[in-house]
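The values are calculated or read from the model by the stated rules, or taken from the named source; none is laboratory data. Source: prediction; values computed, not measured. Cβ: placed from backbone, ideal geometry, glycine included. Neighbour counts: every protein chain shown. Note: accessible area is taken over every heavy atom of the protein model, side chains too, but ligands, DNA and RNA are not part of it. Shrake-Rupley method; radii C 1.70, N 1.55, O 1.52, S 1.80 Å.
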Amino acid sequence: MKLSTKGKYGVRAVFEIARHYGKGPITIKEIADRQGISFSYLEQILHKLGKAGVIESVRGPAGGYLLASKPAELTIGDIVRTLEGPIALSHCLEPGESEECSQTDDCVARMVWAKVGAKIEEALDSISFDDLLRQQQEHKAPVLLKPGKKAAMTGKGVC
């Protein structure tokens, strides 16, 4: 399983919205600037997250985006499943696909990938945005990009 930029950027965008929790909406421009994400690509991601009820948009001059729930109630798994779909390490584990395989009931490989996938989901669901906010505060990890680094933030190696 390889997480696409949509999933990675979605987690980063929601982290920015979570950082702003309780302070009112944060604009898409602020999120894009702070995380070095293309404005137009971020619009698509936020639209999908809004449609799924993960975030809410506020219109008007003081508008922007808010979390639809508390940071402690929202996990990385919620974002990944919303943007990437179900976590399936093999084609036969995708919803509705097991009927096509004649070995579904006794396939050892399928059992292994199902177990590994369940552990990945468990790990992603165990990390809330509140956890990330607390960890960031404890480590004082930088969250802002250095000016001029946007162009280098695409392709391989981007988290």
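Within the stretch 100-159, the residues that satisfy the criterion of being modelled with pLDDT of 90 or more, over 18 Å from ARG12 (Cβ atoms), surrounded by 14 or more Cβ atoms within 10 Å (Cβ to Cβ) and charged (D, E, K, R) are GLU121, ASP125. Residues in the stretch 1-46 that are in a helix (DSSP H, G or I), open to solvent by 40 Å² or more (accessible area, probe 1.4 Å) and over 24 Å from ALA88 (Cβ atoms): ARG19, LYS29, GLU30, ASP33, ARG34, PHE39, SER40, TYR41, GLU43. All conditions in (1) modelled with pLDDT of 95 or more; (2) under 17 Å from LEU132 (Cα atoms) hold for GLY22, with the sole exception of (1).
What is the one condition in (1) part of a loop (DSSP other than H, G, I, E, B); (2) touching a strand residue (DSSP E or B) at 6+ places or on another chain (Cβ under 9 Å); (3) among the charged types (D, E, K, R) that GLU56 does not satisfy? Of everything listed in (1) part of a loop (DSSP other than H, G, I, E, B); (2) touching a strand residue (DSSP E or B) at 6+ places or on another chain (Cβ under 9 Å); (3) among the charged types (D, E, K, R), GLU56 misses just condition (1).
Here is the figure for the stretch 47-64: residues that are within 15 Å of the chain's Cα centre (by Cα) and either surrounded by fewer than 18 Cβ atoms within 10 Å (Cβ to Cβ) or among the basic types (Lys, Arg) (or both) total 6. Pairs are defined by a Cβ separation below 9 Å, a sequence spacing of at least 6 or placement on different chains, a first member in the stretch 65-76 that is farther than 15 Å from PRO25 by Cβ and open to solvent by 40 Å² or more (accessible area, probe 1.4 Å), and a second member that is part of a strand (DSSP E or B) and hydrophobic (A, V, I, L, M, F, W, C); the pairs so defined are GLU73/LEU67.
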